[in-house]
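A.B. asks: Mind looking over this structure? Questions follow.
Nothing in this text is a laboratory measurement; each read-out follows from the coordinates by a stated rule. All of these numbers come straight from a predicted model, not from anything done at the bench.
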Amino acid sequence: MTPDQKALYARICRFELDDPSASFPFSAKLAWEYQWSEIYTYRAIQEYKKFMFLATISDIDLSPSTVVDRVWHLHLLYTRSYWDEFCGKVLNKPLHHFPGSGGVDEGLKYYHQYCRTVDMYFNYFGAPPNDIWNRPKFKSEGTLFQWVDRRRCWIISKPTIVFWFQKLFGKETCKLWTRTLAVSPKLLVKKQSDRNLVPFGDKGTFSEAHIKEAKYSNGSNSNFIGSVADYH
């Protein structure tokens, strides 16, 4: 980092998103909304600050991870904190949040932005944590994406349903039912880091040709989960 970049990052690190006088501060609201633990919420906020540092010094557009984007979304609701204090006095420049318009070309555009973000992250901070910086996803949530109210609904993943049906009725019966009923993949519950508001919808990935273009791999065996900031 240059001296100016070090000074900027120090200001960002010192910035407090929590209002000391609030009974339900920013971090508590963020943890409640996504059912994150206290330590995970703290780490997500630190990663958000790193991204904002990168976005401020970068000459090109960058795209955050899904978790970082969630922190950003909530911070934008605190308009005085975000625009007056954070952008005005810490970053010393406005940093706007641009939702995407959707489509394959738009998706690939933001996918490459995300790869550039991760490359830049490596240069300044080393390897990003896998549980916050998800692998790039090539498509945002589809039109069937929706939040589920856990007070009214049970959240049961398809493998869990199949397991209990096999226990109750036997594997052969379940195979027969599966072939007969052609169970829809839309019944799948997406695996998310948060477990309070669980989205339903299509998996939606691109072809193998697009997947082979991926530059970022964290070396784990996890599936592509989350989105590349939903094309933000």
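A.B. asks: Figure the gain on full extension for THR173 and PHE98 (residue separation times 0.36 nm, minus the Cα-Cα span) and round it to one decimal in nm.
C.D. replies: Additional length available on full extension: 22.0 nm.
A.B. asks: Another question, if that's okay. Would you mind calculating the gained length between ASP59 and PHE125 on full extension (0.36 nm times residue separation, minus the Cα-Cα distance), in nm to one decimal?
C.D. replies: Extending this stretch completely gives an extra 22.0 nm.
A.B. asks: Next up: Can you tell me the relative contact order of the stretch 1-109? Whole percent, Cα pairs under 8 Å, sequence separation 6 or more. Can you show the working numbers first?
C.D. replies: Working: 60 pairs, mean separation 28.4, N = 109.
Relative contact order for the stretch 1-109 comes out at 26 percent.
A.B. asks: Also, I was wondering about something else. Whole-Hz Karplus ³J(HN,Hα) for the stretch 86-96, in order, using 6.51 cos²θ - 1.76 cosθ + 1.60 and θ = phi - 60°, x for Gly and Pro?
C.D. replies: 6, 6, x, 10, 9, 7, 6, 6, x, 10, 8
A.B. asks: Past 24 Å, Cα to Cα: identify those pairs from LYS49/LYS89; LYS50/LYS93; LYS49/LYS93; LYS6/LYS49; LYS89/LYS109, in the order given.
C.D. replies: LYS89/LYS109
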